[in-house]
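To keep things clear, I will list the structure first and then write my remarks on it.
The values are calculated or read from the model by the stated rules, or taken from the named source; none is laboratory data. In this text, all values refer to a predicted model and were calculated from it rather than measured experimentally. Note that we place each Cβ from the backbone using ideal geometry, even for glycine, and neighbour counts take in every protein chain shown. SASA here: full protein model, heavy atoms, side chains in, ligands and nucleic acids out. Shrake-Rupley method; radii C 1.70, N 1.55, O 1.52, S 1.80 Å.
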Amino acid sequence: MSYTYDLQNNTLKADDIELPLDNLEQNLVGTCSKCNADVVSISYHLLDRRTVVASRCSACGRMYAILYDEYWIWLGEHPLLSVADPPKQASLDNLDAEIKEIAEPSEELLALQAIPLKKLETVFTQAEIKTLFARASGKKYVRQYLYRARKKYPEFGELFDIYLNI
């Protein structure tokens, strides 16, 4: 079965049959078989009694159609061809601007903003950095990214002698 995805309309097709959209939630759904980076869901679609999760690698952009049965047991994955690619994900240069947009002054946030972005990028992924800033400013964040970032706190402290508590 071949899968194609229209990113503009969030439409998933399996052999030219459009699958009904179930959800647009973004969750961590695995790791990329090409580069081992995080794969994040784009949308969820129904196919008979199964769910097909359209997903994309956060690093290389490779797309997957991941199949689950009705009990959310993994059945397999297939390459997902994109019909219309939107502009590339924000680059590291734009990450600083995005963080400032999220940020509202608080003691935790001011301390985090004082850390040079290059130091944060050395240990944390873009998603983890955004999550740290969102958490520090009291905004909505992805719990899984915060969990992963917290596991890296000791390494960050060891490298830069800066100890985080967010």
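Observations on the structure shown:
- Residue identified as modelled with pLDDT of 90 or more and either open to solvent by less than 90 Å² (accessible area, probe 1.4 Å) or within 20 Å of residue 57 (Cα to Cα) (or both) among 139, 152: 152
- The set of residues from segment 124-151 being more than 20 Å from residue 40 (Cα to Cα) and part of a helix (DSSP H, G or I) comprises just one member, 136.
Quick grid of which residues meet (1) over 15 Å from residue 63 (Cβ atoms); (2) without any contact (Cβ under 8 Å) to a residue 24 or more places away in the chain; (3) surrounded by 18 or more Cβ atoms within 10 Å (Cβ to Cβ):
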site: 7; (1), (2), (3): no, no, no
site: 16; (1), (2), (3): yes, yes, no
site: 23; (1), (2), (3): yes, yes, no
site: 32; (1), (2), (3): no, no, yes
site: 36; (1), (2), (3): yes, yes, no
